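Student: My structure is below; once you've seen it, I'll send some questions.
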Amino acid sequence: MKFSLSHISAGATAVFVGYSSAVVLILEAVKTLNGSPAVQSSWLLALGLAMGMTSIVLSLRYKAPIFTAWSTPGVALLIVALEGVSLSQAVGIFIFSSALIVLFGLSGISDRLIKYIPVSVAAAILAGILLKFVLAVMPAVYEQPIIAGSLVIAFFVLRYFTPRFVFFWVLLLAIGLPAFMQDLNFSQLTFSMPTWVWVWPEFDLSLMIGVGIPLFVVTMVSQNLPGIMMLRSNGYTPPMSPLLTTTGLAGLILAPLGAFAINLAAITAAICQSSDADPDSSQRYKAAVAGGIFYLLAGLASSAIVGLFLMLPAAVTATIAGLALLPVLSTNMFKAFSDANNQLPPILAFLTTASGTHFFGINSSFWGLLIGIVAYYLAQHFKSKQAGK
């Protein structure tokens with residue numbers, strides 16, 4: 001198989017965009033679990049290997065640019081939901097969620113069941129999860145007005161000129177400004193090979209229901225479904241079930257090492273599926289394969305990646321995370337509330353999720369999903385009855 005420069009460039013860009021916009025969230029999730037830098041490195045190694053292998057195998061199998069990723073909405077959910085949870089319990093949640101994805105893939109009913117979750121309600125739940133991170137940008141600007149403020153300005157200016165590389169420039173600025181102001185902790189930067197940190201799972205029923213099910217739903221609705229739609233919109237029609245089974249198995253096997261959720265990519269996949277990757281659509285799968293190789297390399301360099309982000313001031317990483325999730329929040333807010341005639345169910349789901357309230361020890365995301373779905377179908381029922389009068 002012969003790679004062109006455009007294949008390599010597209011694959012490298014897709015991986016960089018994915019890492020630069022969400023690595024900080026993964027590190028934050030491990031911190032929530034009181035995990036060490038070694039655990040952070042192990043998570044990134046496991047994720048890199050899982051995403052690399054699935055991207056390569058699926059793209060070669062179906063000769064389509066099938067690019068996988070970790071669940072960014074999923075890790076945002078985990079940061080909120082894993083407060084006070086042990087690493088072992090978290091691994092139990094990951095295994096449970098990935099097992100549900102495998103079952104959906106093997107059953108062949110995923111395409112039908114996913115349609116019963118209203119897009120507006122799913123988007124509202126995701127918006128409620130992401131709100132906390134986007135709101136954290138302003139306190140960060142207050143704490144570090146020059147550095148964080150410059151990142152915000154650069155983000156809004158550069159995204160209109162170089163939208164594909166905006167996080168490349170933001171990340172360079174996030175390193176360059178603190179370095180210029182002598183505000184980097186270089187002692188955190190290491191270049192050692194990553195090590196496996198195996199964590200035996202502990203299965204807690206309330207956590208599996210309260211966190212595992214929302215993680216599964218968010219991954220399916222906000223990641224896998226858009227990933228399938230992105231493939232379809234670019235003319236690729238691989239069957240959904242094998243894709244879900246493969247990504248679910250990757251997460252299931254590597255969960256004890258930190259692979260919390262592996263799914264189809266949408267935004268980064270678009271880079272490999274565009275004409276910039278190759279004018280010939282039948283050859284664009286090579287860009288996804290190249291991206292898979294870069295994933296593997298990034299996994300092996302996970303210790304250096306962890307050190308790079310740990311040496312940045314906390315306000316800077318909070319700003320990067322908030323800016324990375326701002327477009328996702330905006331998109332999901334629009335999806336949730338664009339229908340003026342059907343706004344009550346998504347607003348109930350949004351407020352319940354954003355509240356962070358735990359009922360019976362179960363996370364607010366689950367209650368947001370439940371309340372949103374019930375309100376949606378009740379509204380549909382009442383509308384049909386009124387129409388029948």
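The values are calculated or read from the model by the stated rules, or taken from the named source; none is laboratory data. Owing to the predicted nature of the structure, the values given are computational and were not obtained by experimental measurement. Neighbour counts are summed over all protein chains in view; Cβ atoms, including those assigned to glycine, are modelled from backbone coordinates with ideal geometry.
Student: So, L297, is that one surrounded by fewer than 22 Cβ atoms within 10 Å (Cβ to Cβ), part of a helix (DSSP H, G or I) and either modelled with pLDDT under 85 or of a type outside the set (G, A, S) (or both) or not?
Tutor: Yes: the conditions hold for L297.
Student: Identify the residue in the stretch 5-18 that is of a type outside the set (A, V, I, L, M, F, W, C) and crowded, with 24+ Cβ neighbours inside 10 Å and, among all such residues, is farthest from V75 (Cα to Cα).
Tutor: Among them, the one singled out is H7.
Student: Next up: Being in a helix (DSSP H, G or I), over 25 Å from A14 (Cα atoms), modelled with pLDDT under 70 and of a type outside the set (G, A, S) is the filter here; which residues of the stretch 156-198 pass it?
Tutor: F186, Q188 - these are the residues of the stretch 156-198 that are in a helix (DSSP H, G or I), over 25 Å from A14 (Cα atoms), modelled with pLDDT under 70 and of a type outside the set (G, A, S).
Student: Residue check, P226 against (1) free of Cβ contacts under 8 Å to residues at least 60 places away in the same chain; (2) surrounded by fewer than 20 Cβ atoms within 10 Å (Cβ to Cβ); (3) more than 26 Å from L45 (Cα to Cα), all met but one. Which one?
Tutor: Just one mismatch for P226, condition (3).
Yes/no matrix, rows are residues, columns are (1) under 30 Å from A64 (Cα atoms); (2) of a type in the set (S, T, Y):
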| site | (1), (2) |
| --- | --- |
| A277 | yes, no |
| S282 | yes, yes |
| Y285 | yes, yes |
| L308 | no, no |
| F337 | no, no |
| S365 | no, yes |
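Student: Identify all residues within the stretch 280-316 that are more than 26 Å from A136 (Cβ to Cβ) and hydroxyl-bearing (S, T, Y); write none if there are none.
Tutor: Residues satisfying the conditions are S281, S282, Y285, Y295, S303.
Student: Hey, can you tell me all the residues within the stretch 247-265 that are crowded, with 20+ Cβ neighbours inside 10 Å and under 14 Å from S55 (Cα atoms)?
Tutor: Passing the criteria: T247, G248, A250, G251, I262, N263, L264, A265.
Student: Return the only residue of S59, S36 being modelled with pLDDT of 95 or more and either within 22 Å of A318 (Cα to Cα) or among the hydroxyl-bearing types (S, T, Y) (or both).
Tutor: None of the others qualify; the one that does is S59.
Student: Hey, another quick one. Among the numbered conditions (1) assigned to a helix (DSSP H, G or I); (2) charged (D, E, K, R); (3) more than 29 Å from G11 (Cα to Cα), tell me where E83 comes up short.
Tutor: Every listed condition holds for E83 apart from (1).
Student: Right, here's the next one. For residues that are under 13 Å from M51 (Cβ atoms) and not small (G, A, S), scanning just the stretch 273-294, find the one that is surrounded by the fewest Cβ atoms within 10 Å (Cβ to Cβ).
Tutor: Checked the stretch 273-294; the qualifying residue surrounded by the fewest Cβ atoms within 10 Å (Cβ to Cβ) is I293.
Student: Only one residue in L25, L77, L47 is surrounded by 22 or more Cβ atoms within 10 Å (Cβ to Cβ), in contact with a Pro (Cβ under 8 Å, 6 or more places away or on another chain) and not aromatic (F, W, Y), so which one is that?
Tutor: L77
Student: Return yes when N234 is at pLDDT 85 or above and either buried (at least 16 other Cβ atoms within 10 Å of the Cβ) or over 22 Å from G84 (Cα atoms) (or both) and no when it is not.
Tutor: The answer is no for N234.
Student: Hey, any hits in the stretch 367-378 for a residue that's touching a Cys at 6+ places or on another chain (Cβ under 9 Å) and either surrounded by 22 or more Cβ atoms within 10 Å (Cβ to Cβ) or modelled with pLDDT under 85 (or both)?
Tutor: The answer is no; no qualifying residue exists.
Student: Here's something else I'd like to know. Can you run down the residue pairs with Cβ atoms below 6 Å, 6 or more apart or on separate chains, where the first is in the stretch 145-158 and more than 10 Å from A174 (Cβ to Cβ) and the partner is in a helix (DSSP H, G or I) and at pLDDT below 90?
Tutor: F155/V170; F155/L323; L158/V166; L158/W169
Student: Ok, one more. So which of K2, K31 is in contact with a Lys or Arg (Cβ under 9 Å, 6 or more places away or on another chain), surrounded by fewer than 24 Cβ atoms within 10 Å (Cβ to Cβ), over 23 Å from M240 (Cβ atoms) and not hydrophobic (A, V, I, L, M, F, W, C)?
Tutor: Sole residue among the options that is in contact with a Lys or Arg (Cβ under 9 Å, 6 or more places away or on another chain), surrounded by fewer than 24 Cβ atoms within 10 Å (Cβ to Cβ), over 23 Å from M240 (Cβ atoms) and not hydrophobic (A, V, I, L, M, F, W, C): K2.
Student: Continuing with the same structure: Before we move on, is I153 of a type in the set (V, I, T) and at pLDDT below 90?
Tutor: No; evaluated as a whole, the condition is false for this residue.
Student: Hey, does the stretch 252-275 have a residue that's within 19 Å of T13 (Cβ to Cβ) and either in contact with a His (Cβ under 6 Å, 6 or more places away or on another chain) or without any contact (Cβ under 8 Å) to a residue 40 or more places away in the chain (or both)?
Tutor: Yes: the stretch 252-275 contains one or more residues that are within 19 Å of T13 (Cβ to Cβ) and either in contact with a His (Cβ under 6 Å, 6 or more places away or on another chain) or without any contact (Cβ under 8 Å) to a residue 40 or more places away in the chain (or both).
Student: Write out, first by first residue and then by second, each pair whose Cβ atoms fall under 6 Å of each other, whose residues are 6+ apart or on separate chains, and whose first residue, in the stretch 40-52, is within 11 Å of T195 (Cβ to Cβ) while the second is aliphatic (A, V, I, L, M).
Tutor: The qualifying pairs are S41/V306; S42/V197; S42/L257.
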